[in-house]
Structure formats: C-alpha cells, structure tokens
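Colleague: Before anything else, here's the structure in question.
The values are calculated or read from the model by the stated rules, or taken from the named source; none is laboratory data. Source: prediction; values computed, not measured. A quick note on method: Cβ atoms are made from the backbone with ideal geometry, for glycine too, and the neighbour counts reach across all protein chains shown.
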Amino acid sequence: MTMTQASQEQPESPTNRPPSMHRFKNWMRRPYARHVMIWTVVIGFLLLPLCWLLLAAMNQTGAPASEIMQDIETTVFVFTLVSIPITAFVFAVLLYSLIGWKRISSDEPPMQENPAIFTNRIGVVLWTVVTSALAMFLVVWGMIELAQITANSYGTISANEQPGGNQSVIVNVTGQQWVWTFAYPQTDGLVSDILYLPVDKPVYFNVTSKDVIHNFWAVELGVKIDANPGAVTTAGVTPNKLGTFNIRCAELCGMHHAYMETEVRVVTQEQFDSWVREMGGRRTS
Amino acid sequence: MSSVAPAHVHSAEVPQPAQHGKPGGIMRRLNFGTGLIGGIGLAIIAGVVTSQFVPSGYASPVTFAPMEGEYVYLAVLLGWVIGFMAGMGAFVGPIRWMLGRESTHLDAEYMAGKDLGRSRYWKYTTDHKVVGIQYLIVTFIVFGFGGLLAMLIRTELGATWTEVFSPAFYNSIIGTHGIAMIIAMIIAVSGPLGNFIVPMMIGARDMAYPRLNALSIWLLVAAVPCLISSLFLGGIQDGWSAYQPLASQAPIGMLGYQMTIIVFAISTGIASVNLMTTILTMRAKGMSWSRTPIFVYGIFAASLMGLYAFPFYQYSQILSLSDRVFNTSFFNPLEGGSVWLYENLFWLLGHPEVYVIIIPTAAVLMEILPVFMRKPLFSFNFAVAGIVGVVALSGLVWAHHMYMTGWAPAVNYPFMLSTEMISIPVGFLVLVVIGTLWRGTSWSRLPLMAVYAVVFNKMIGGVTGIYLSDVPADQYFHGSMFVVAHFHYMLMGAGFFGAMGGIAFYFPKMTGKILDERYGSIGLWTVFVGFQLTFGSMFVAGLQGQPRRVLQFDEQFDISNWISTIGAYTIGVGTLIFLGAIIFSWRDGPMVSGNPWASKSLEWQTPTPVPLENFAVLPVVTERPYNYGVPDPYDEELRAHDGDELESAGAR
Amino acid sequence: MKKFLVILATVLAGVLVVGGIGAVSSISQEEPPVLAATLDGTTMDTPNNGTLPHATLDLSVYPNSSDAVPPPKAGPYESAWLSGQPFYHPSTTIQVPANSVVTINFTQYDSGGQIYNPFFAHVHGSMDGTMTWNGKSVKNVKSDSVGHTFTVHQYPESSQPYFFLSVPLPMNAANAKTDKAGYPVDPQKISVTFVTGEAGTYVWNCEFPCGDEYQEFGGPMQTRGWMAGTFEVVA
C-alpha cells in the first residue's frame, strides 16, 4: 500500500485493546474490585464525622473568637475532608487483605499461587495523578488561607506602620520567665498581667522576650507567635466574640513553663475604657 | 536472584608480611573491660587535672555561673570517650601503621573474631555480623532507657491532681526521653540490619571498611554514659531540641547531652560512609541497580541523608557548648548572637533525621512483603522513585518547624510547598505496599503483622502531618500535643513497629532461632492497642489546646491524659512481652534452617550460623529480585476473550 | 509453660524497675515542708469582700547560707551547684487560708540591682495596691534598686480564681553594716496585705535576675525550694 493510498483511506488501526470504559467495567466485574470499592466508600463515610468532631474538640473553650480562628477551623475541616478518600482506600485494602484475600498460618511456606504482578501502569499513574492533585489542592488552599490570615493579622504591617488612634489597639507583649506582661503604649504607661481587648477592633501585638524563647499563644483567638529575645515579632487579630479566653506559652522556657498562663478578656469598648481608667492609664494616642 | 553460577576460583600468592607474635597482637588483651578501665581512669585523671588548673570559685564574668563544675565535667566526658576508645583498642590500628607494622591476614582474621566464640562480642571486632548484633543490643538498652522515662512521663501526666516529680525534673526527663528514643530509632534498623544483613544481601564478604565499622559501634557505646550521666547532674531541662538560649541556663547536665551528640554524630557519619561505599562498590557480579533489593536502596538513602544532616547537629551542639563554657555568644542575642541561627542549624538536621528513621523501616517492610505474600514487590521502580524523591526533598523542608518563630514569614510559603510535596513520594511507598498486598493470599506470620500495623499508623501520621505542614493550621497546632502525637505516629507507629517486623524477619538469620510466634504477636498487638489509645487521645488533647512539655494543665485535658496514660502502660507491658519473647527464643528456641521463610534473596542463601566469610564462593546474580508468584490468571482471560468482546460491542 | 514464665518474669521485672525508679525519684524530689499562714484571730475590712479573718506569714530572703542559716534541703548535686546562692527561708511551700485577708512580712537580707522588667518593680495584686516598706506605704520601688520579687501567678487551672500577686523586695545598700554571718544588721522589711478567694493552687517565683547562667535566671531561680515554690490557698 503506498503512502498516498494510506492517507486517503485512513482505516481504523486494528487493536486488541477494548475502549477504556469497557476495560473499567471488566475490571469492576472482578469480585475483589467491587468489594474493595464498596469498602472504601463505607470506611469513607465512617470517617466523615471526624471533620466535625475535630472542630468540636477545638471549640470546647469558646473558640472561634476571631476571623483567623474561623479560617483555621475551615482549613482543618477541608483538609480532613480531602484526606478521607485516600485514607479510606488504604484502610479498605488493608482490611480486605486480611479478610477477603485470606491468610494462611502454616509453619511451612505456602505453595506459590499468587499472581506475579510486577507493576500496573494504570494503578501507578492513577495514584500519582490523584495524590499529586490532592497535594496541589492542599497547597493552593493553604497559600490562599495563609495570605488571608496574614492580612487579617496585619502581618504585612511593620511595627512603625501600625495605625494608632481610635481605630486599633496596640499591645506590647513581653514574655519573661515565667509571666506575660502586656503594655498598652497608647495609654499612659499602663502595663497589665491580664490582656484586656475591646471586641471588634484590630489589635496589633509586638511580641518580645526578656530572656529565652517563649511563644505567645492566644488559643481561641488563633494567634501564635514566638517571643524571641533580642527581636520583636508581630501578630495581630480582630476579636469578634466577648468572653474570657486562654493565653498559654507554647515553647518550653524553663521550670515554670507550664504555669505561664494568663487570660485574655474580650470586653465591650465601654468596659475596656473603664478598665483603662481604673488601672490608672489615660489614652494618649 | 538466588542462582549461584559456577565460579572460577582464582588464587594468587600475595606476599604476606612477617607475623610478629600471636595473631592480633595487643588486641588479644583488649576488650570491653579494658575499655571501661581506660575510660573511667582517663576521666578521673582529666577531672582531677582540670580542677587543679581552674581556680576554685571561678565564676564566669558574663553569667556569674560557677565554671569549675563545667570545665571539670567537660574534661571528664572527653577523658571518658578517649580513654574508653583507647582501652577498646581503637587507636591500635593507626599507631601500628605509624610505626610501620603491617597487619597480616591472621591479624585481620583475629580482629574479625575468628574462633573467638562469645568473647568476640565484647571486643573491637570488625566482622559485620558481630557489629550487627552489638547494635541490636545497644538498641535494646537505649530503647529501654527511653521507655523507662516514657513511663515516668506518662505517670506524671496521668496524675493530674498532683505533681509527682518537680517541674525541673519533668523537663529533663522529657528531653532525655526524646533524645534516647531518637538515637534508638535511628540505629534500630540501619544498625542491626544495615550491618548484619546488607553485606550478605549484596553478596559481599564484609563491609568496605571493617575497622570503621567497629569504630562506629564503640563510639556509640561511649556516647551512652554521657547521656545517662546528664540525668544525675541536673538533667537536660530543655527538650531534645535543646534550644538556645535556654540551654545556657540549664545545669551542667546539658554538657552531657552536647557531648553525646558530638560523639554520636561522628559514629553515624562513619557508619554512613561505610554503608554507602559498601553498597556502591561491593555488590555481587550481575547485581545491577535494577536487581538490587529495595532494602539496600533504603539503607543507602538513609545513610546519604544522615551524612549531610548530622554535621549540622554536631555543629549546633559544639557552638552551643562553646556558648556555655567559653563565653562565646553565637546564640546570645544580648551580645550580638541570634536565636534563629540555632533553630535553623538544628532543624537542618531535625527534619532529614526523621527520614533517616522512616526510610529504612519502610524499606524493610518492602523486603518482608514479597516473601510473605509470595508475589513480587509491586512496581519496584516506583518504590525507588519514592525513596529518591524523599531524599531529594528532605533537605528542603526544615523550616516547617519554624513557621511560628517569626524568623522569615515570607519563607513560610515555599516551605509549605516543599513540605506538602514530600507527601507525594511517601505516598509512592504506600502504594507499593498496598499493591503488594493486592490480590495476595498472605502467609500470616509475625513479620507480616508488623506491616499492617505500620501502614495503618503511617496513614494517620501522614495525614496529621498534612495539617501541620499547612501554616494556618500550624498556627493552632504548633507547640501543642497534636505535634507530639503526630511524630509519635510516624516515628513510633511506623518506625518502631517496622523495626519489630524487621527484627522478627531477620531473627532466624541473626540468631539461628525463630522468634516465638505466639508471644511475639501478643506483644506486638498489645503494643498496637496501647499505642492507639495513647496517641489517639493525645490528638484530642492537642485539638483541645494542651501545649506540649507541660506537666500540669487545665482539667479539660484530664480525660485525654488518663486514657493516654493507661495506653502507655499497655505499651510498656506489650514491649516487655515482646522482649520476653526475644529473650526466650534466643536462649531456648528451636534451631531453624538457613532459609525458614523460603526467601529468594541472597542473604538467606547462606547457612545458619553464617560462616565468617559469608559465602564460600561469591554469588553471581542473574534474576530480577522478588521473582515470586505465578502468571496472573486475569491476564490470560483478558487476552483470550478480547476478540469476542470487541465483536459483540460492534467495533470493527 | 516455661515460655509463659519467662514472659511473666520479664514483665514483672520491667514493672518493678520502672516503678522502683519512679518511686525513688518522686520521693527524693518532695517539696520543702509546708509553711502555713496562721490566723491571728482578728478580722479586717476589705474594699469589695466585706470583713474577713486575718492571717499572717513570715518569710525571709537570704543572699547565701551560713552557719546561722542552713541552706534548703537538697540532693548532693543541687547543694554543690547552688551553694552560695540566695534562697527564701524557711520554706517555699506557702499555704494561706481561703476567703481571708493575708499579710506576709518579708525580711530581705540580700543586695540587688537593676530589674529587667520595670513592671515587677511595682506592687500588683495587694488589697489597696500598696505595700509597707520599713513603715512607709509605697506603690513601687525604684527599678534600679530591687533585691528580689515575690510573684505569685497562675496555675493552668481555669476552675480556680485568677490570682496574681507581685511584690518587689528592695535591696540592701552595698555598704550596709553586716553582722558576723555577713547579713545586714538592718535588713529591709516589707509587708503586703492581700485578699484570697476560693481555694486553688498557684506557683510563685522571683522575677529579679538573682541567679546565674544566662541572664542570671538560672541556678536557684529554676529550683524549687530556693527562689521558686508553690502557693496554695486552702479552704
């Protein structure tokens, strides 16, 4: 057959491979394939409540108390949801291996009767594509969330650009072995051991340490930043819920590290102002 | 790959140096006892001499700390290490070379422990099989020490209504527990199995550097008392990460930790070089890279990562020690240093180090699976790709431990990317394992049970690692018990159970006995159940907001901690049962043949007990590895019916 | 049967070793004996809580031990490491009654200097925000002449009331006249009065760098029985 004749006729090239949907249906006809798929779905549904249970554990003491914490919880929810399919599949294979494909517990090695599968291109490619796609999704989600949380915690604003005045509260957090102290530079030298914050107002934290590395963790507000000696790190948040929440130290800092706890009290603006007056401070900026 | 082709045995006359005296010379007299005498003796001498030179009451002009104790302790530690190695005979080889004395073939055979019986385990023996057993015993001892501390920790955390130990002591037992377990897990598979099995698996007679092999194990033995002594001198009250500047506030026990790491890093570096050279140059004829067992790849990868990572650890501890003792200020911010420098140096080791633990255990599972599933390893090339991917990325992810330090917030993005990416090659290894389980009727013996435990734990550990790799989620989880539960699931859930499986698998080759099936599996499953209780509820405590390294906490965490403590006691009992099974089987178990698992791998083709030269004739490899199983019946069926289905579907 | 016995023996041996080491460690680390405030039979008016019974407690701070004043009980390593260091006397395990007004009388024998965080040079948490220093009522001490502080702070237990008390103890002058043992003849005397709420457990420590090692916050500052301890409010 000449080349011109071939290009004119263009017959369908003969093949022994059935089209892919057909191959998939054939594969699903195998009993183990159906069973493993069913078990994957079942285990997946059994794992699904975890998405809510994880959040329930995180919310036991009043969280979320800010947008940031809300974003964190949404991230945890989505990540759990996205991790369930692969996890369910692996667990299904483990279980089916024990129950479906059976076991022999003899002293002597059994006769070799298992299929010699050296590789399966479809399986490998599918797994690579799916796990990579999931990982990419998680990365992209994470980066978008991180950008959002950085914006919500005013992370891109350096200490001398922090707007003062009535629009925000600035708190200089000092960690010292083993007590947190909070200075409000906008008042006249007010320093406190309990953190009072007005609700729905941006707060800028300038965090440092007088001695070793501590970590300032306002648990329900979702704020966490190391307190380093010799440096000032910044964080920020806008609390949107009234209440009393926990501040803990999350970096081992010596003997009384476990006792380096204090409270953050998110109160109304009027209560905050009267507290400042009570403590002898005046707003100066 | 077990066919041994007929070989041409070449013999040549190699002119031997004259034999001076008995074979081995002074090495005949040196053993662990003389090592102890040398170590303790030189330690005492060094301590006394140093205390004469330091004016009494001398205090550091910067920190007002009394320095006499520090200098004396440092001298004692150095004296112990050098004296112990001298007493063991580590310097005999180099000194003989300097004096121009060649060692003869008989000397080398003596050093390898020929005809020495049990006493060769107490000497500076170069035979890789002896070194493997020595590593196994040291692993048990260090793991036991770490486990004892774990029981104390959980007792404190379970007794929520009181302080069982003082806070300072609690801080030091968590740090010591951490470093002891890390050391135990690093050597758990690469030590015993890397030394004993790898040379046989590649068809070699010994490692590339037998004397360095002995050096690496005895350096490790020298490091252990440094760590234990620190507990009696105030402890390391700083966690195993020993962050500066807190480490400069700790009692002098901190020096014990720093010396332990400095010596351990040398030991590991030497062992890495040894393993890598052996694997690269001493594989049997015909063992191309596509015929090399996956375990060899795993050990090679772990050695490579250890080689580039451990110097960072050693360096960070040398600088830390210098800050403490010599008034430098590398990490003292008030004098111009930087705390972030320490954190970076430490985590540059800290992350690859966890892969040094995980990759060998994953690799040993991939050795176990084909033997007990009687089918080939699923996609050998994919497994190699996974290991290579992990190694390539392992050095690029360290700053995910530093997301919350405020060091360089812009850098959090690329590290988040690289950390998420590393989950992909790890996923390759999971696929290889479940692919090997796929459609196989398993031969259910103790080593295989470990595989199920490991895969289950690795999935949970891996998924929770994904939360931690994400910076927003880490903003809640960093420094909480969630992190502790995650790394225990990876290092203990995958690492320890994998080590149990590997030891159960190679027990017949290393000891000639088979590990008792019944009690071994009771031990393993007891540990498994306790493990889920302990660290599952630890995840809950972390989610609720319990910080790590605290001995007292709010009552909302009480229930999770009670459950964790009960689980921990269960782990303790299970580990003791497993240990009892090992002891019983080793001493009184029935002898087995050279290949009780009917494996096709080279190391099982030797008789048991393995002769000194491993193989009488070096083997030649002609087959691909893991050549088990019969042709897939579905393949034939598909080929037979292909034509019919196409016709009925109307395709033409 | 023999297998079972070996296993049993291993498990029992392990449990005994762990339990033994744990028990020995725990017993050897017991807190110093309790120093309880004594009710003196009077009552006092408080601004917000009505009239409550009054209790007192005496504490001293010594710069170092001597024949007259023995150091706190400690193990061999600790005693060697901390010899010559300041400590609170006679004990650091403080107990005060709940729902009372408590007065602590401090006698401060040590010198001092500049405190790192001026917050702790002020009195916090006392009944009226002041303390009595050598007879005079003051709210703070100059931040460059602080000797030690007595700072009580939170135990991580949300069910007990929040309690924070910090008292700066001023230093003795460097050239103060000393007696045979080396302690100032005329030490600083400070009294602070505060109100206790419901029962709870707290910890206290000194916040002045009076130890050694990095930032002088090591040594006795990190050791219970010397410059840190527990503070219990008992019902």
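Colleague: Looking at B:T622 and the list (1) touching a residue at least 24 places away in the same chain (Cβ under 8 Å); (2) surrounded by 15 or more Cβ atoms within 10 Å (Cβ to Cβ), which single condition is not satisfied?
Modeller: It is condition (2) that B:T622 fails.
Colleague: Can you pull out the residues in segment A:232-285 that are at the interface with another protein chain (Cβ under 9 Å from one of its Cβ atoms), among the hydrophobic types (A, V, I, L, M, F, W, C) and part of a helix (DSSP H, G or I)?
Modeller: A:A258
Colleague: Every residue in segment A:79-127 that is β-branched (V, I, T), under 21 Å from A:G44 (Cβ atoms) and more than 7 Å from chain B (Cβ to nearest Cβ), please. Even if it seems obvious, please write down each step before you answer.
Modeller: Let us first name the residues in segment A:79-127 that are β-branched (V, I, T), namely A:80, A:82, A:84, A:86-87, A:90, A:93, A:99, A:104, A:117, A:119, A:122, A:124-125.
Checking which are under 21 Å from A:G44 (Cβ atoms) leaves us with A:80, A:82, A:84, A:86-87, A:90, A:93, A:99.
Correct list: A:T80, A:V82, A:I84, A:I86, A:I99.
Colleague: Take segment B:35-70 and flag every residue that is out of contact with any Phe, Trp or Tyr (no Cβ under 7 Å at 6 or more places or on another chain), within 14 Å of chain C (Cβ to nearest Cβ) and of a type outside the set (G, A, S).
Modeller: Answer for segment B:35-70, where residues must be out of contact with any Phe, Trp or Tyr (no Cβ under 7 Å at 6 or more places or on another chain), within 14 Å of chain C (Cβ to nearest Cβ) and of a type outside the set (G, A, S): B:Y58, B:P61, B:V62, B:F64, B:P66, B:E70.
Colleague: Pick from C:S191, C:S137: which is closer than 25 Å to C:S100 by Cβ, out of contact with any helix residue (DSSP H, G or I) (no Cβ under 9 Å at 6 or more places or on another chain) and touching a residue at least 12 places away in the same chain (Cβ under 8 Å)?
Modeller: Details: C:S137 fails: touching a residue at least 12 places away in the same chain (Cβ under 8 Å).
Result of the check over C:S191, C:S137: C:S191.
Colleague: Continuing with the same structure: Whether any residue in segment C:139-149 is touching a Gly at 6+ places or on another chain (Cβ under 8 Å), buried (at least 23 other Cβ atoms within 10 Å of the Cβ) and outside any strand (DSSP E or B) is what I want to check. Break it down into steps so the answer makes sense when it comes.
Modeller: Just the residues of segment C:139-149 that are touching a Gly at 6+ places or on another chain (Cβ under 8 Å), to begin with: C:139, C:144-148.
Those still in the list that are buried (at least 23 other Cβ atoms within 10 Å of the Cβ) too: C:146-148.
Imposing the further condition that a residue be outside any strand (DSSP E or B) reduces the set to none.
Scanning segment C:139-149, I find no residue that is touching a Gly at 6+ places or on another chain (Cβ under 8 Å), buried (at least 23 other Cβ atoms within 10 Å of the Cβ) and outside any strand (DSSP E or B), so the answer is no.
Colleague: Could you tell me whether B:M181 is more than 12 Å from the chain's Cα centre (by Cα) and under 23 Å from B:M492 (Cα atoms)?
Modeller: no
Colleague: Additional query: Could you check B:L334 against (1) surrounded by fewer than 17 Cβ atoms within 10 Å (Cβ to Cβ); (2) assigned to a helix (DSSP H, G or I); (3) in contact (Cβ under 8 Å) with a residue 60 or more places away in the chain and say which number it fails?
Modeller: The failed condition is (3).
Colleague: Pairs please, first residue from segment B:579-591 and closer than 14 Å to B:K509 by Cβ, second anywhere and exposed (fewer than 15 other Cβ atoms within 10 Å of the Cβ), Cβ atoms under 6 Å, 6+ apart in sequence or on different chains.
Modeller: none
Colleague: Quick check, is B:V130 more than 20 Å from B:V263 (Cα to Cα) and not polar (S, T, N, Q)?
Modeller: Numbers: more than 20 Å from B:V263 (Cα to Cα): yes; not polar (S, T, N, Q): yes.
Judged against the criteria, B:V130 is a match.
Colleague: Please work out which one of (1) more than 21 Å from B:A208 (Cβ to Cβ); (2) in contact (Cβ under 8 Å) with a residue 24 or more places away in the chain; (3) within 14 Å of another protein chain (Cβ to nearest Cβ) is the condition B:R291 fails and give its number.
Modeller: All conditions are met except number (1).
Colleague: Here's another thing I want to ask about it. For segment B:399-424, how many residues meet the condition of being small (G, A, S) and within 7 Å of chain A (Cβ to nearest Cβ)? Outline the logic, then answer.
Modeller: First pass over segment B:399-424, keeping only residues small (G, A, S): B:399, B:406, B:408, B:410, B:418, B:423.
From what is left, the residues that are within 7 Å of chain A (Cβ to nearest Cβ) are B:406, B:423.
Result for segment B:399-424: 2.
Colleague: I've got another one for you. Specify which of the listed residues (A:V129, A:V140) is surrounded by fewer than 24 Cβ atoms within 10 Å (Cβ to Cβ), in the same structural domain as A:F79 (by TED's automatic domain parsing) and under 30 Å from B:P376 (Cβ atoms). Lay out the reasoning, then the answer.
Modeller: Values: A:V140 fails: under 30 Å from B:P376 (Cβ atoms).
Result: A:V129 is the single residue among A:V129, A:V140 that is surrounded by fewer than 24 Cβ atoms within 10 Å (Cβ to Cβ), in the same structural domain as A:F79 (by TED's automatic domain parsing) and under 30 Å from B:P376 (Cβ atoms).
Rundown of residues vs (1) in a helix (DSSP H, G or I); (2) buried (at least 24 other Cβ atoms within 10 Å of the Cβ), yes/no style:
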position: B:G350; (1), (2): yes, no
position: B:L369; (1), (2): yes, yes
position: B:F372; (1), (2): yes, yes
position: B:F378; (1), (2): no, yes
position: B:G389; (1), (2): yes, no
position: B:V411; (1), (2): yes, no
position: B:S418; (1), (2): yes, no
position: B:T436; (1), (2): yes, yes
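Colleague: If we scan segment B:208-222, do we find a residue that is basic (K, R), in contact with a helix residue (DSSP H, G or I) (Cβ under 9 Å, 6 or more places away or on another chain), away from chain C (no Cβ under 14 Å) and part of a loop (DSSP other than H, G, I, E, B)? Working first, answer last.
Modeller: Initial filter on segment B:208-222 (basic (K, R)): B:211.
With the extra rule that they be in contact with a helix residue (DSSP H, G or I) (Cβ under 9 Å, 6 or more places away or on another chain), the set shrinks to B:211.
Filter again for away from chain C (no Cβ under 14 Å), leaving B:211.
Add one more test, that the residue is part of a loop (DSSP other than H, G, I, E, B), and what stays is none.
Scanning segment B:208-222 turns up no residue that is basic (K, R), in contact with a helix residue (DSSP H, G or I) (Cβ under 9 Å, 6 or more places away or on another chain), away from chain C (no Cβ under 14 Å) and part of a loop (DSSP other than H, G, I, E, B).
Colleague: For the list (1) assigned to a strand (DSSP E or B); (2) more than 10 Å from every other protein chain (Cβ to nearest Cβ); (3) crowded, with 22+ Cβ neighbours inside 10 Å, I need the number of the one condition that A:N206 fails.
Modeller: (3)
Colleague: May I pose another question? Just checking: which of the strands (runs of 3 or more DSSP E) contained wholly in segment C:1-89 hold 1 or more residues that are more than 30 Å from B:G57 (Cα to Cα)? Spell out how you get there, then give the answer.
Modeller: Working: elements: C:34-36, C:38-46, C:50-62, C:87-89.
By residue number, C:34-36, C:38-46, C:50-62.
Colleague: Got a sec? Which of C:G147, C:G211, C:G229, C:G219 is more than 14 Å from chain B (Cβ to nearest Cβ) and either among the small types (G, A, S) or in contact with a Cys (Cβ under 6 Å, 6 or more places away or on another chain) (or both)? Talk me through it step by step, then tell me what you get.
Modeller: Values: C:G211 fails: more than 14 Å from chain B (Cβ to nearest Cβ); C:G229 fails: more than 14 Å from chain B (Cβ to nearest Cβ); C:G219 fails: more than 14 Å from chain B (Cβ to nearest Cβ).
Selected residue: C:G147, the only one of C:G147, C:G211, C:G229, C:G219 that is more than 14 Å from chain B (Cβ to nearest Cβ) and either among the small types (G, A, S) or in contact with a Cys (Cβ under 6 Å, 6 or more places away or on another chain) (or both).
Residue-wise test of (1) assigned to a strand (DSSP E or B); (2) of a type in the set (V, I, T); (3) touching a His at 6+ places or on another chain (Cβ under 9 Å); (4) in contact (Cβ under 8 Å) with a residue 24 or more places away in the chain.
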position: A:I68; (1), (2), (3), (4): no, yes, no, yes
position: A:F77; (1), (2), (3), (4): no, no, no, yes
position: A:I86; (1), (2), (3), (4): no, yes, no, yes
position: A:Q112; (1), (2), (3), (4): no, no, no, no
position: A:T119; (1), (2), (3), (4): no, yes, no, no
position: A:W141; (1), (2), (3), (4): no, no, no, yes
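Colleague: For the list (1) in contact (Cβ under 8 Å) with a residue 24 or more places away in the chain; (2) surrounded by 24 or more Cβ atoms within 10 Å (Cβ to Cβ), I need the number of the one condition that B:P251 fails.
Modeller: Failing condition for B:P251: (1).
Colleague: Quick check on segment B:228-239. Is at least one of its residues of a type in the set (S, T, N, Q), out of contact with any His (no Cβ under 6 Å at 6 or more places or on another chain), surrounded by fewer than 24 Cβ atoms within 10 Å (Cβ to Cβ) and assigned to a loop (DSSP other than H, G, I, E, B)?
Modeller: No, because not a single residue in segment B:228-239 is of a type in the set (S, T, N, Q), out of contact with any His (no Cβ under 6 Å at 6 or more places or on another chain), surrounded by fewer than 24 Cβ atoms within 10 Å (Cβ to Cβ) and assigned to a loop (DSSP other than H, G, I, E, B).
Colleague: Would segment B:80-89 turn up any residue that is at pLDDT below 95, away from chain C (no Cβ under 14 Å), part of a loop (DSSP other than H, G, I, E, B) and over 30 Å from B:Q249 (Cα atoms)?
Modeller: There is at least one residue in segment B:80-89 that is at pLDDT below 95, away from chain C (no Cβ under 14 Å), part of a loop (DSSP other than H, G, I, E, B) and over 30 Å from B:Q249 (Cα atoms).
Colleague: Also: Report whether or not B:V463 is facing another protein chain (nearest Cβ under 10 Å) and closer than 30 Å to B:K600 by Cα.
Modeller: Working: facing another protein chain (nearest Cβ under 10 Å): yes; closer than 30 Å to B:K600 by Cα: no.
Taking the combined requirement at face value, the residue does not satisfy it.
Colleague: Are any residues in segment B:281-299 hydrophobic (A, V, I, L, M, F, W, C), surrounded by fewer than 24 Cβ atoms within 10 Å (Cβ to Cβ) and more than 23 Å from B:V617 (Cβ to Cβ), and if so, which ones?
Modeller: B:W289
Colleague: Given the options B:F415, B:F378, name the one that is among the aromatic types (F, W, Y) and within 30 Å of B:P472 (Cα to Cα). Break it down into steps so the answer makes sense when it comes.
Modeller: Details: B:F378 fails: within 30 Å of B:P472 (Cα to Cα).
Result: B:F415 is the single residue among B:F415, B:F378 that is among the aromatic types (F, W, Y) and within 30 Å of B:P472 (Cα to Cα).
Colleague: Restricting the search to segment B:430-457, which residues are in contact (Cβ under 8 Å) with a residue 60 or more places away in the chain and within 30 Å of A:L146 (Cα to Cα)?
Modeller: Of everything in segment B:430-457, just one residue is in contact (Cβ under 8 Å) with a residue 60 or more places away in the chain and within 30 Å of A:L146 (Cα to Cα), namely B:N457.
Colleague: When residues of segment B:550-588 are filtered for being at the interface with another protein chain (Cβ under 7 Å from one of its Cβ atoms), more than 16 Å from B:V164 (Cβ to Cβ) and surrounded by 23 or more Cβ atoms within 10 Å (Cβ to Cβ), how many remain?
Modeller: Matching residues across segment B:550-588 total 5.
Colleague: Under 6 Å between Cβ atoms, which residue pairs at least 6 apart in sequence (or on different chains) link something in segment B:354-383 that is within 14 Å of chain A (Cβ to nearest Cβ) with a partner that is polar (S, T, N, Q) and assigned to a helix (DSSP H, G or I)?
Modeller: Partner pairs satisfying both residue conditions: B:L369/B:T436; B:M373/B:T436; B:L377/B:T436; B:F378/B:T436.
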